[in-house]
1. Say whether the condition of being exposed (fewer than 15 other Cβ atoms within 10 Å of the Cβ), in the same structural domain as T362 (by TED's automatic domain parsing) and under 30 Å from V429 (Cβ atoms) is met by at least one residue in the stretch 287-295.
2. Which is within 19 Å of S398 (Cα to Cα) and aromatic (F, W, Y), of F132, F123, F97, F147?
3. Mind listing just one residue for me: the one in the stretch 73-104 that is closer than 18 Å to E168 by Cβ and hydroxyl-bearing (S, T, Y) and, of those, nearest to the chain's Cα centre (by Cα)?
4. Given the structure, is G243 surrounded by 15 or more Cβ atoms within 10 Å (Cβ to Cβ) and at positive phi?
5. What are the pairs, 6+ residues apart or on separate chains, where a residue within the stretch 182-198 that is without any contact (Cβ under 8 Å) to a residue 24 or more places away in the chain has its Cβ under 6 Å from a residue that is part of a strand (DSSP E or B) and buried (at least 17 other Cβ atoms within 10 Å of the Cβ)?
6. Would you confirm, using the coordinates I've provided, whether S107 is at pLDDT 95 or above and under 20 Å from the mean Cα position of the chain (by Cα)?
7. Examine the stretch 140-149 for a residue that is of a type outside the set (D, E), more than 17 Å from L430 (Cβ to Cβ), surrounded by 14 or more Cβ atoms within 10 Å (Cβ to Cβ) and in contact with a Ser or Thr (Cβ under 7 Å, 6 or more places away or on another chain), and state whether such a residue exists.
8. When you scan the stretch 112-119, do you find a residue that is surrounded by fewer than 23 Cβ atoms within 10 Å (Cβ to Cβ), outside the structural domain of L329 (by TED's automatic domain parsing), of a type in the set (V, I, T) and at pLDDT 95 or above, even just one?
Amino acid sequence: MTKRRWMPRSVAIAVGSVLSCSGCDRGPVVESPPPVATGSKFEDDIRHLRWLLETKWSWRELRESEGVDLVALERTALDAVRQDASEVAFLSAIRRFVAGIHDGHASVSMEGVSLREARQWPFRLLEVREGFMIDGVDPESFRTKRFTRGDLVTSIDGVTIEDWIDREARDVFASTDASRRWWAVFRLGASTSSAQIQVVTIARGETNPRTVRAPCVPLESPVPHMSWEPNERIVRELDAETGYFRPGSFVATNGGAFKNAAPEARDEVLAQDYESLRDVFEQIESKSKLVLDLRQNPGGTDLIAQALARHLLEPGFVYYSLSSKRDGLWVNPFEQRPRVGYSRPSFGGKLAVLIDARTFSTADNLACCLRDSHPDVRFVGQQTGSGSGAPRTFELPSTKARVTFCTMRVYAPGGKPVEGYGVRPDVEVLRTRDEVLNDIDVGLDAALRSLR
């Protein structure tokens, strides 16, 4: 579906200086129930959830313009709890309700209630150019060679992998179809009630499929995603002209102090993080090219990302614009600029930025800022997770279930919302099976070519 460009209604209310931390935990907020509540406690809270989304959610108008229907989502959830009035059924119903709003920061939880089944598939999948390959195997299946990393899987229990993805995607919290698909593949098989599964695979180097019956394994069995990398900070030299920097994340080193600090004290708490960034750019300031790796970067605080942007952009740039709700109306977006002065960027050369579906929240904000403000930047990889907007957690009054969704609007310097748009790559990259198995970083190779 072609997305329509969406901008906020203009409201003549001034905005004070607002500091957003799009990856921060803002804690629960207990809201009064809507004026009328009837039915069971589950039905009451489902109606309350719709009311919260209608009155508090940042992206209601954007998502409704794309076809999200809160009334239909509410109706489906109500039908589910009328058929099964259990806590598990209620949690499942509101999870699907909230997944249906397509907010990447959303989440649902309920103390003492879990939707996790007792078992999991004995492998994990990764999408590659040829299809879906086994990326990690549980120890017993690895020992018996029942499955091998690199086997392509076409179907499970007679259902194609594409159909499995469609099923899983209904319960995924994601901002775009691309990120929903990525998370659906990542989560596939992580929870199942089946004792065993029938798997159709094609081994590496073969063309004929084989069918394997395999037991599912307990949740505690280690079934890894081999291609998932930890959030490590890496800075190194790629060649005489090119530096490489992977921030890992934008989480504050002293997270506890940052969370409890008053807004005016946050720069002081982050002094160590700012100094660390200065050290990084001192190492690469002599280079004429830089690869900034934001892949698998889940975000953190925007103050650290702004500090990084200061090393790449001319003074006075807009990092993003924010809009919050006041007296029931959305205020005009307020531009956020770096609060710490500087005279020039530390690095002024060519820039290539690596992105993927896990580039999210604060990392997404930074990518959008660089896309709109940097004079010489190329993006390589896959579309970002495209999610931003100051998530906030609300407690439903009857069941005490907790629901999180975005409550501020975040716009890139060019005017587009970050949410649902994010950054699309100039050069799209999807690895082949052999490239994954041989640990070939085709994204990095493509970034280096783009810099040349």
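The values are calculated or read from the model by the stated rules, or taken from the named source; none is laboratory data. The model shown is predicted, which means the values in this text are computed figures rather than measured ones. Methodologically, a virtual Cβ is constructed for each residue, glycine included, from the backbone with ideal geometry; neighbour enumeration extends over all protein chains shown.
1. Looking for residues that are exposed (fewer than 15 other Cβ atoms within 10 Å of the Cβ), in the same structural domain as T362 (by TED's automatic domain parsing) and under 30 Å from V429 (Cβ atoms), one finds at least one in the stretch 287-295, hence yes.
2. Matching residue, one of F132, F123, F97, F147: F97.
3. S92
4. no
5. Close Cβ pairs (under 6 Å, with a partner that is part of a strand (DSSP E or B) and buried (at least 17 other Cβ atoms within 10 Å of the Cβ)) do not exist here.
6. So S107 passes the test.
7. yes
8. Looking for residues that are surrounded by fewer than 23 Cβ atoms within 10 Å (Cβ to Cβ), outside the structural domain of L329 (by TED's automatic domain parsing), of a type in the set (V, I, T) and at pLDDT 95 or above, one finds at least one in the stretch 112-119, hence yes.
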